[in-house]
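The values are calculated or read from the model by the stated rules, or taken from the named source; none is laboratory data. Not measured: the values here are computed from a predicted model. FYI the Cβ positions are ideal-geometry reconstructions off the backbone, even for glycines, and counts take in every protein chain you see.
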Amino acid sequence: MELRSLNYFVRIAELGSITRAAAHLHLAQPALTRHVQRLEEELGVVLFTRANRGVRLTEAGERLLEGATRILRDVERTGDEIRAQDAHPSGRIILGITPTLCPVLVPHLFAQMRREFPRVELKVMHAGMVRLEEFIIDGRVDIALLSELSRSRLIVSTPLAEEEMVLITKPGARAVGCVSGDELSATPLVLGDGLRAAMDALLAGRGVELRVDIEVNDHETIRLMVQQGGAASILPYSAVARECAAGLIAAHRMTEDGIFRTLALGARISRNASLARDAVARTITGVVADMKRGAHFSLPLRRQPNRRTRAFRLTA
């Protein structure tokens, strides 16, 4: 089994098409197909089946993808360590990040990485918390920015910042002030299933049950629905800070002291760090610290008149 064939296989799996993979790899499609056929003959299994617009991995293909990804990453990491003798980090790092954090943090991260570590190639994959933990463990990502501290024994996670979760509405839809537990229970929401699960876990046993009328997993759609006055929702403050500043959305603190989640940097505990991964981790830590100083993660601190409402806090 050649490394080159494994690399070709991984590219086809990532792109979901032999045609697109051939163009990406600058190979003739028949030549790429022959590599796949040789792999299938060597392993005695079918790796891909035809789909409407390309190919789809079989169960055997999924297993090979996990193993091939680990092998290629280990080979690349070894090369990084050899090339690192000149103290300039280089190589390809795959970063996992949640959908709400991706547009907030990634533009700043890419700009800083280009300036300070131009030889590090950064690829970003976004997914929810559960999937990101799976990606870390099976080696599909090298490092991830998580929306809470991981409980997995296979992952080491380092807290970076506390991010406030806020109720968002169209400006003027409710009076200014913090949202009590009773009001939160009575408010019809549009919410994604990932955030709904996190909030349900937070509020369990505290007398607050969210009323989710519509489930939408696209955060841009949620923001547009809120702007148009058709719904209220709960999102991290960083995901709507720009719209709040522009007067398009109003963000409301939930309970007097707010509800917060912990942003954390996570990596597999048994995986040796490369210089390139360390460079990405340091850069993320710096970008998050800058955003904390700029108050990107929470509403301005202020005391509210309703002191009887108990504060809820999202903990790891």
Residues being surrounded by fewer than 17 Cβ atoms within 10 Å (Cβ to Cβ) and without any contact (Cβ under 8 Å) to a residue 60 or more places away in the chain - total across the range 132-150: 1
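Table: residues versus (1) closer than 23 Å to L105 by Cα; (2) β-branched (V, I, T); (3) assigned by TED's automatic domain parsing to the domain that holds V208.
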position	(1), (2), (3)
E148	yes, no, no
R151	no, no, no
V166	yes, yes, yes
G172	no, no, yes
S180	no, no, yes
A186	no, no, yes
Sole exception among (1) in contact (Cβ under 8 Å) with a residue 60 or more places away in the chain; (2) in contact with a Lys or Arg (Cβ under 9 Å, 6 or more places away or on another chain); (3) surrounded by 15 or more Cβ atoms within 10 Å (Cβ to Cβ) for E183, by number: (1)
For A60, all conditions in the list (1) surrounded by fewer than 16 Cβ atoms within 10 Å (Cβ to Cβ); (2) within 30 Å of A276 (Cβ to Cβ) hold save one; what is the number of the exception? (2)
Counting only residues in the range 40-82 that are touching a residue at least 40 places away in the same chain (Cβ under 8 Å) and not in a helix (DSSP H, G or I), the one nearest to I18 (Cα to Cα) is identified as V55
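Give the residue that is nearest to R63 (Cα to Cα), with candidates limited to residues of the range 151-180 that are of a type in the set (V, I, T) and buried (at least 18 other Cβ atoms within 10 Å of the Cβ).
Result: I155.
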Can you tell me which residue within the range 261-272, out of those that are surrounded by 13 or more Cβ atoms within 10 Å (Cβ to Cβ) and more than 19 Å from A198 (Cα to Cα), is modelled with the lowest pLDDT? R271
Mind listing just one residue for me: the one in the range 229-263 that is among the acidic types (D, E) and assigned to a loop (DSSP other than H, G, I, E, B) and, of those, nearest to V176 (Cα to Cα)? E256
Residue check: is T221 in a helix (DSSP H, G or I), polar (S, T, N, Q) and on the phi < 0 side of the Ramachandran plot? yes
So, of the residues in the range 175-191 that are in a loop (DSSP other than H, G, I, E, B) and touching a strand residue (DSSP E or B) at 6+ places or on another chain (Cβ under 7 Å), which turns out to be nearest to L210 (Cα to Cα)? T187
Quick one: count up the residues across the range 197-220 that are buried (at least 17 other Cβ atoms within 10 Å of the Cβ) and not hydrophobic (A, V, I, L, M, F, W, C). 1
